[in-house]
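Structure, as structure tokens:
The values are calculated or read from the model by the stated rules, or taken from the named source; none is laboratory data. None of the values given here were measured: they were computed from a predicted structure. We place every Cβ from the backbone using ideal geometry, glycine too, and count neighbours over all the protein chains shown.
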Amino acid sequence: MNRKARLKASMMEYVEGTIFIAPWLIGFLAFMAFPLGFSLYMSFRQVNVVATGMTSRYAGLKHYKAILLEDGSLLYNDLIPFLQKTLFMVPVIVIFALLIAILLNQKFAGRSLFRAIFFLPVILSTGQVVSELLTQGEGELGFMSRYNVSGFIGDNLPSAWATPLIWILSSFVLILWYSGVQILIFLGGRQTISNSAYEAARIDGAGPWATFWKITLPAMTPFIFLNMIYTIVDLFTFPTNPIIMQVRNSEYGQYSALIWIYFVIISFFIAIIFLLFRRTMKSHEKAA
């Protein structure tokens, strides 16, 4: 094939690829890029709603300063406490999902039924339902009130960490409801591990504990990090998320600034996960 023919074939592939992604690209530009850009633009403006519509004037970094620097702002009253809750919730959900996925991968009667039971809340539980259940205290573990666990935690931990920990334990059952997708991902990841690896480990005399640490956990590492990213994104849109609730009640320019600060914080969390994943995978490669 001469150079002209190769160039023509390359151009055809480029045109075909462009045609295939065109619907997504048009949709992104029309429904995502413009709203994102407009939101960033409005975060630097003071917006007033009047009878004839909406007016705005340039406000500079006023909203960002109010959120980041002023005491009692949305950042310190709502966002930081929620981030503290998230630091507890992410490992709880991921570890629970991993253990349940390992159990559901075993062969026992009714396995498909139990898989459906763990995934059903993801389908049936809307944000309003979860919020109402949390308000009624239906997600609390029974031993919390029986043994005064909340009082013990409050007496032995600083209030900054005691409050989110007590909240998580008070809504523990409902938080675990949101582990259905993570369980499904771990089940799929478990299927990628060859049974011959476990058979070889049993022949070598490895017990279940050693098999888990030497075979299952290293093979599931990519799926653990995937679930951590999914859980972080999911929690940042959780029904009880105070930032989402504040956005609905704040002035347009102010909540636009709040959302962009929120976006940067989420990106920072995800960047940390990616960094940890890269380092973990490199250490596994060196060990291998």
Notebook entry, point to check: With respect to TYR58, is the statement that it is exposed (fewer than 10 other Cβ atoms within 10 Å of the Cβ) and either under 28 Å from GLY253 (Cα atoms) or touching a residue at least 12 places away in the same chain (Cβ under 8 Å) (or both) true?
Noted result: yes
Notebook entry, point to check: Among the numbered criteria (1) farther than 30 Å from LYS65 by Cα; (2) at pLDDT below 85, which single criterion is violated by ASN48?
Noted result: (1)
Note to self: Quick check on my filter: what residues within segment 41-68 are among the polar types (S, T, N, Q) and either under 15 Å from LEU258 (Cα atoms) or not in a strand (DSSP E or B) (or both)?
What the structure shows: SER43, GLN46, THR52
Notebook entry, point to check: Quick check, is PHE38 surrounded by 10 or more Cβ atoms within 10 Å (Cβ to Cβ), over 23 Å from the mean Cα position of the chain (by Cα) and under 19 Å from PHE263 (Cβ atoms)?
Noted result: yes
Check: How about segment 76-159: which helices (runs of 4 or more DSSP H) wholly inside it have at least 3 residues that are modelled with pLDDT under 75 and touching a Pro at 6+ places or on another chain (Cβ under 8 Å)?
Finding: 127-135
Next item on the list: List the number of the failed condition for GLY207; all other conditions in (1) closer than 30 Å to TRP260 by Cβ; (2) of a type outside the set (S, T, N, Q); (3) surrounded by fewer than 18 Cβ atoms within 10 Å (Cβ to Cβ) hold.
Entry: (1)
Item checked: Pairs with Cβ under 9 Å, 6+ apart, first in segment 262-275 and more than 20 Å from TYR64 (Cβ to Cβ), second of a type in the set (Val, Ile, Thr) -> ILE270/ILE229; ILE270/ILE232; ILE270/VAL233; ILE273/ILE229; ILE273/ILE232; PHE274/ILE229
Check: Can you spot a residue in segment 7-20 that is at negative phi, assigned to a helix (DSSP H, G or I) and modelled with pLDDT of 85 or more?
Finding: yes
